[in-house]
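Reviewing the structure listed below.
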Amino acid sequence: MPPSQIYFIAFFIFNILLCAAYFRFKTKSDEIFLDKKVFEKREIEEIFEKRKIIYNRACKALPLIEEFVKNESSFEDLLKFHDQIHDVNFPLPKIPEISCKTNVIPRSSVFNASESMNLLICLPPKCGTSNWQKAIDVHFLNITQGQKAAKEFEEKIKNNTAGMEVYGLIPRIKTEKLFRAKENGEDPKNIYKSKYKVANVRNPFARVFSAWHDKMRNGTDHLIKYGKYFEAIGVFEDFENIPEKGCKEEILEILYKKRILYKNGFRAKTDFVQKNGFRTKNGFCTKNGFRTKNGFCSKNKMVRNPFFFSTKSVFVRNPSNLKTNFFCNHFKENYFYSFEAFVEYIASNPGDSKKNGHWGTLFRQCSACSLNFSLITHLENSKKEIPFLLEKINLKNEINVGGQYTWNGTKRILEESDRPPDELHWQNVPKETAKLIYKHYYLDFIIFGYSTEEVLKYVHSSNSRKQRPASDKITSSRKYLQSFGKQNDHFKKFSDFICTN
């Protein structure tokens, strides 16, 4: 046999062996990959199942959980009971026979897509709501109005022209129905009969920061919507540090240029303030023929600060009285108040009745124990959980929840390894305040499956050397909200605690 034929046969045999080895390796690799996917899916399934068990245990123990919140329970006692509820092998203590009602709220975060998708889903504010909302809206329109309507709305979303329409397409549940069912001796869990009942939630510590970051930004729209809370927040601004050089003058100049002049928390009818029938002239306020300093108007011809809002006068406090450098930084970043002041307002006003829905409890927004949620997903783990969840509710091939892989507190990034921990935002918050935040959102942590470890990482990141505000500031904040509550019919009907004898 010629050498060339020998070489050809040898080369042919070598390639056959190489291909066999490759396909054997590929098959083995595919098996390992499939085994890994099956294992991950089973792991996620177990997480959802455990959350469901915890949810049921917590709702059963709701009267006891409320007692811990109402009483002067120590931080350690709260953690201990939290762990007991989450330990599915630990027998629940004896639960008093107390009736727990449903609070009636004007705008629930639970969307009722029962007829179109056999779905009831709670999408509370500041929990990645917009991504879910847009995805479900498009599918909802496709089912109810056809492909053309869905495509048109999808274009609106891409062009950022959908606006608040995003939150109004799918009907919300009526909490009044849940309340009436309980009053009539019925089980409210049977009112809405969707096959899939989903709660999309977020760690309350991260959610509070997101609410501040979004809703305390300077702007007319935010001022009108949230200005009524400003007095209760503003009393907690920190004045300890020495100001940066030029900070006060810079604030005055920016305020004057922006014409941020308000009365009772709202922008005046013109660019300048009208007070007692006198209109401003040439950028200055007139009062009985006199002009005030720096173009701002007040009773005694003294400059007052348009930064904090008051119902008693047009302005409160002069920016020249500010004694902190962070105030300048926050103003440049367009925040009305610092995160620390916002957190103190929440911690100093127990109960949910005087909180806006964007930072109110998840328990309230989702009517948690009045609906039988079967699937609870955490925004923090959305990368793994959303694909599983969509498959579970038969929407895997129907919708795409954008952004589920990129959440990091308040901004989206690409690489998970680059994410700064959310708890770092709490470094300037007093530790005792962080503990009170935990107590305020105690039901959320327990009912929706956030462990004590997920509490402690935030509390441990807070500032143990920093003291809480003086008691007179706390009292002032509460007085502002008491006055506010008297003028709001919703607050008169709302109960901070729903389990009563």
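Values quoted throughout were computed directly from the atomic coordinates according to the rules given, and no laboratory measurement underlies them. Keep in mind that what you see is a predicted model, and the values were worked out from it rather than measured. So basically every Cβ, Gly included, is an ideal-geometry build from the backbone, and we count neighbours across all protein chains shown.
A compact table of results
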| quantity | calculated |
| --- | --- |
| Residue-by-residue Karplus 3J(HN,Hα) for region 345-352, coefficients 6.51, -1.76, 1.60, Hz, glycine and proline x | 4, 5, 5, 8, 10, x, x, 9 |
| Contour minus Cα-Cα distance for Lys383 and Leu456 (0.36 nm per residue) | 23.9 nm |
| Net lengthening on full extension, Thr161/Glu97 (0.36 nm per residue, minus Cα-Cα) | 17.9 nm |
| Neighbourhood charge, 13 Å Cβ-Cβ cut-off, centred on Gln147 and excluding it, Lys, Arg +1 and Asp, Glu -1 | -2 |
| Long-range amide H partners of Ile376 with built H, under 5 Å | Ala199 |
| Added length on full extension, which subtracts the Cα-Cα distance from 0.36 nm per residue, Asn190 to His222 | 7.7 nm |
| Under the Karplus curve 6.51 cos²θ - 1.76 cosθ + 1.60, θ = phi - 60°, whole-Hz ³J(HN,Hα) for region 454-469, x wherever Gly or Pro sits | 6, 7, 5, 5, 7, 4, 5, 7, 6, 9, 6, 8, 8, 8, 5, x |
| For peptides 90-96, 471-477, 210-216, sequence by mean Cβ density within 10 Å, most packed first | 210-216, 471-477, 90-96 |
| Nearest-0.05 FRET efficiency for Glu391 and Ile13, computed from C-beta distance (R0 41 Å) | 0.35 |
| Förster-model FRET efficiency, 45 Å R0, Arg180 and Asn463, C-beta, rounded to 0.05 | 0.45 |
